[in-house]
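Beneath this line is the structure, given in structure tokens, with notes to follow.
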């Protein structure tokens, strides 16, 4: 027999003495019944344990890959520093080079320690799970009475280990890169030779990304011209999905401070507002918009700006009432793809069809060309996305490049490199100001690319 209250196997004599059921403190069942229940519970736990092992092994594989790439990037950065220093003969520059190398080593050791700790922890958990599963298998093959003596502690231990494994989270992946300082030789004594930074890796997403927006905890929301919005951490892990009603297509997005998401819906020809659970709260612009693309919200005035890709206008609406306020645009040809506001309240309009960026001044009602079309640096070709950072600088995503301009349209620099593979970029979003980081939905290779600039 088996006493379910005391969790021990007992003999027939004990059923009438130490474990008599009549006092209400004991509950007796047949030992075979207890063993069958134990087997059923064990199978469920074994399955859960094996799934946990697979999950942790996948995380461990990624951590090992990140650790390898981190070391490779460290070695590449050290080589870049050596090459840069060799070009600068002055002893003071060589001294600064050694300081930068120490900075790389310090950053590497700090991140390596994080990876080493996690790899050790993950390996230990896998070993503990394997050991517990092995011991459980031995019990299952033993005599029922022998098995039931240890069944409770074995199951509890395995369950604790499984629960502990569910808390495992993958660390953010980082690489070390050396950014060269190209100041003139006569200024080298007053300037660093470059900067050591962590270069974020591209996030591979589950489809062709059209929209990207910053969410809480440095996560990113990504849309795919479907009724789903995926939430990624910057390690590239899809941690959740927002599913909207059938027939809704999410193009560009704007995450508001109140937690709501406004997005352009080309299929339904409107702007939709939803919560983080996928419930559509309101629709704006139906009967007015024909193909809404880029959107921007001035949350101080509750005005939403919408670039229409067919009518070649930017429409403005009150986001609370949905009332149309005004239209911006005078182009007979073109295809407006995005819109943003400068710090002074001027409206930036991306005209993809005419390969230019326009500036609208509400004070004098003027609409002028701010950035011209072309394939050279400082020009745009098939521009698709625009965003303004905290310093009022303008970032433009156009075919094959990402460029930084001042608020008056003066070219500052190209943010990406040719090897970064910018192709069919869509929406942009600012991730942080210090350090300055921007993300771009790159449809060409199904990635979200993140850049320091």
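Compared with the dominant principal axis of the Cα atoms in the chain, helix 144-166 is inclined by about 10°. The mean sequence distance of close C-alpha pairs (under 8 Å, at least 6 residues apart), as a share of the length of the stretch 2-198, puts its relative contact order at 29 percent. Averaging Cα coordinates gives a centre for the stretch 228-265 and one for the stretch 1-63; these two points are 44 Å apart.
By the beta-carbon count within 10 Å of each Cβ, the least crowded to most crowded order of 162, 319, fewest first, is 162, 319. Over the chain, dividing the summed -39,500 (n - 2.57) contributions of all DSSP H runs of at least 4 residues by the number of residues returns a 222 nm mean residue ellipticity of -11000 deg cm²/dmol.
In plain terms, the residue of 426, 252 with the fewest other Cβ atoms within 10 Å comes first and the most crowded comes last, giving 426, 252. For a paramagnetic label modelled on residue 29 (point 7 Å from Cα along Cα→Cβ), amide N atoms under 14 Å away belong, within the stretch 38-61, to 38-42. One chain, two ends: residue 166 and residue 362. Fully extended at 0.36 nm per residue, the span grows by 65.1 nm beyond their Cα-Cα distance.
The modelled label-to-label distance between residue 137 and residue 216, using points 7 Å beyond Cα along the C-beta direction, is 4.3 nm.
Once both axes come from the Cα atoms, what is the angle between helix 91-140 and the longest principal axis of the chain, in degrees from 0 to 90, rounded to 10? So the helix axis and the longest Cα principal axis differ by about 30 degrees.
At an R0 of 35 angstrom, the distance between the Cβ atoms of residue 277 and residue 157 translates into a FRET efficiency of 0.40. When each of the peptides 114-121, 361-368 is scored by the mean number of other C-beta atoms lying within 10 Å of its residues, the order from highest to lowest reads 114-121, 361-368. Rounded to the nearest 10 degrees, the inclination of helix 31-87 to the longest alpha-carbon principal axis of the chain is 40 degrees. In this simple spin-label model, placing a label point 7 Å from the Cα along the Cα-to-Cβ direction at both residue 377 and residue 21 gives a separation of 8.6 nm.
A simple spin-label model places pseudo-atoms 7 Å from Cα toward Cβ; at residue 301 and residue 258 they are separated by 1.9 nm. Using C-alpha pairs below 8 Å separated by at least 6 residues, the relative contact order for the chain is 9 percent.
Laboratory data are not the source of any read-out in this text; all were calculated from the coordinates shown. Keep in mind the model is a prediction, meaning the values are calculated, not measured. Counting neighbours? That spans all protein chains shown, and the Cβs are built from the backbone with ideal geometry, glycine included.
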